[in-house]
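Taking it in order: structure first as structure tokens, then the write-up.
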Amino acid sequence: MSLIEVKNAIKTYQTGEDSFNALNNVSLTIEEGEFVAIMGASGSGKSTFMNMLGTLDKPNSGSYHLDGIDVLSLNSDELSKIRNVKMGFVFQGFNLISRTTAVENVELPMIYYGVPEHERRERAMEALKIVGLEGRANHMPNQMSGGQQQRVAIARAIINDPPLILADEPTGNLDTKTSIEVMEFFVNLNAKTGKTIVLVTHEPDIAEYCKRVVRFKDGNIISDEVKV
């Protein structure tokens, strides 16, 4: 079943008197359980496309259905709920709250979801256990390595059990060894839970971990390769 279905998406930006298409009639379908890399140089449209998938931006025309829902027809409150329930986000810069412990950072999406406090803590500890950080639950971000912070971010992304994980350059601030560890975790997460993962990267060695690679150039998809 298709989890993501984008058809004929056009996104136009105005720069002074000029305009350009960051997305030029882009169509892409991603099935449940796929692990997809989105690649392309700066200005290729990959970030615009990722922002659209994450409902952080809307195309000027076209359609986007997520898990059968017409995303572009939703209001801001409905979009917030979709982001919290259907998606987990992992960013290059971790985006952890600096004065908050690991377990409290992981709890945040559940607070917005209205989960009772005792259940939040229990589920957050379980998520930290999944990423191998149960012993760091009460550490602040500045007391953890970059790789540990990213694993906290992954635990936060999966805490509401969303069907879709969106990862934007998740290894961009990590060294090679730590990048491998994080990518191997994504591979295992995809294999064991069937979660759909869409990952933006400009690094070919990172894209190698994904089962499908979609390349953007000048607002167009120029290739779409599925590994056999």
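The values are calculated or read from the model by the stated rules, or taken from the named source; none is laboratory data. Only a predicted model underlies this, so the values are computations on that prediction, with no experimental measurement involved. FYI the Cβ positions are ideal-geometry reconstructions off the backbone, even for glycines, and counts take in every protein chain you see.
Structure notes:
- Residue match in region 26-46 (condition: assigned to a helix (DSSP H, G or I), modelled with pLDDT of 95 or more, farther than 22 Å from Tyr209 by Cα and of a type in the set (S, T, N, Q)): no
- Those residues of region 94-124 which are among the aromatic types (Phe, Trp, Tyr) and either part of a loop (DSSP other than H, G, I, E, B) or in contact with a Lys or Arg (Cβ under 6 Å, 6 or more places away or on another chain) (or both), in sequence order: Phe94
- In region 8-44, residue surrounded by the most Cβ atoms within 10 Å (Cβ to Cβ) [restricted to those that are of a type in the set (D, E, K, R) and within 19 Å of the chain's Cα centre (by Cα)]: Glu34
- Pairs meeting the criteria (first residue in region 36-58 and closer than 9 Å to Phe216 by Cα, second residue of a type in the set (Lys, Arg) and surrounded by fewer than 17 Cβ atoms within 10 Å (Cβ to Cβ), beta carbons under 9 Å, at least 6 apart or on different chains) are Gly40/Lys217; Ala41/Lys217; Ser44/Lys217; Gly45/Lys217.
- Checked against the criterion of being in contact (Cβ under 8 Å) with a residue 60 or more places away in the chain and more than 26 Å from Gly194 (Cβ to Cβ), the candidates Leu28, Leu23 yield just one match: Leu23.
- For region 57-93, the set of residues classified as part of a helix (DSSP H, G or I) and among the polar types (S, T, N, Q) consists of Ser73, Ser76, Ser80, Asn84, listed by residue number.
- Restricting Glu107, Glu117 to those that are touching a residue at least 40 places away in the same chain (Cβ under 8 Å) and among the charged types (D, E, K, R) reduces the list to Glu107.
- Filter pass, Ser47 being buried (at least 16 other Cβ atoms within 10 Å of the Cβ) and either small (Gly, Ala, Ser) or within 20 Å of the chain's Cα centre (by Cα) (or both): yes
- Within region 52-100, being surrounded by 15 or more Cβ atoms within 10 Å (Cβ to Cβ) and over 19 Å from Ser2 (Cα atoms) holds for Asp57, Lys58, Pro59, Leu74, Leu79, Asn84, Phe89, Val90, Phe91, Gln92, Phe94, Leu96.
- Residue in region 109-126 that is hydroxyl-bearing (Ser, Thr, Tyr) and at pLDDT 90 or above present: no
Yes/no per residue for (1) modelled with pLDDT under 95; (2) within 15 Å of the chain's Cα centre (by Cα):
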residue: Pro170; (1), (2): yes, yes
residue: Phe185; (1), (2): yes, yes
residue: Val198; (1), (2): no, yes
residue: Ala207; (1), (2): no, yes
residue: Arg215; (1), (2): no, no
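- Close Cβ contacts (under 6 Å, 6 or more residues apart or on different chains) running from residues in region 208-226 that are closer than 17 Å to Thr48 by Cα and touching a residue at least 60 places away in the same chain (Cβ under 8 Å) to residues that are surrounded by 15 or more Cβ atoms within 10 Å (Cβ to Cβ) and among the basic types (Lys, Arg) comprise Phe216/Lys46.
- Comparison of Gly93, Gly135 shows that the only residue that is among the small types (Gly, Ala, Ser), closer than 25 Å to Glu184 by Cα and without any contact (Cβ under 8 Å) to a residue 12 or more places away in the chain is Gly135.
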